[in-house]
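Quick notes on the structure that follows.
Values in this text are rule-based calculations from the coordinates and carry no lab data. Keep in mind that what you see is a predicted model, and the values were worked out from it rather than measured. No Cβ is skipped: glycine too gets one built from the backbone with ideal geometry, and neighbour counts run over all protein chains shown.
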Amino acid sequence: MPFKRYVEIGRVALVNYGKDYGRLVVIVDVLDQNRALVDAPDMVRTQLNFKRLTLTDITIDIKRVPKKKTLLAAMEAADVKNKWENSSWGRKLIVQKRRAALNDFDRFKLMLAKIKGGNHQAGANETQKGECSLTLQSVLF
């Protein structure tokens, strides 16, 4: 399988270090071999080192250094947020954030749901399995 995630204008990336950690940004210009100018709907346009970016498979069709309004329209047209939330990588990060935000009682409920979900016999009927997975989903997802 060939490598497909190249640094290019319009490539969506995830910030993996610094004050913008976990934020999705779009590369709007490549400054040199180490830095890119990135922008996102909820942040000021800034330059970031490539070491602080993790490239995703999502790209949008934009020209070099577009205006903020043009970038927002292109992101809406490409449905970047929905694509990210439906990707396995995005879902994994969402679950990690939810788990990190659990308080002690929520962790206790999760533990009980896991115990209850693990007690099923191989011949248990489907309604019982559905109830247990629903309990886990209400806590996790």
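When Lys and Arg each count +1 and Asp and Glu each count -1, what net charge do the other residues less than 11 Å away from GLY18, Cβ to Cβ, add up to? Computed value for this residue: +3.
Here the stretch 38-116 is treated as a sphere whose radius is the Kirkwood value from Cα pairs; by Stokes-Einstein at 25 °C and 0.890 mPa s it diffuses with a coefficient of 157 µm²/s. Taking Cβ atoms as reference points and 13 Å as the exclusive limit, the residues near THR70 contribute a net charge of +3, counting Lys and Arg as +1 and Asp and Glu as -1. Annotation: aspartates and glutamates with alpha-carbon distance below 20 angstrom to LYS114 (same-chain offsets under eight excluded): ASP104, ASP106, GLU126, GLU131. Non-local lysine pairs in the stretch 11-100, meaning eight or more places apart or on different chains, with alpha-carbon distances under 25 Å, amount to 26. With a sphere of radius 15 Å drawn around the Cβ of ASP42, what net charge do the other residues whose Cβ falls strictly inside it have (Lys, Arg +1; Asp, Glu -1)? Cβ neighbours under 15 Å give a net charge of +3.
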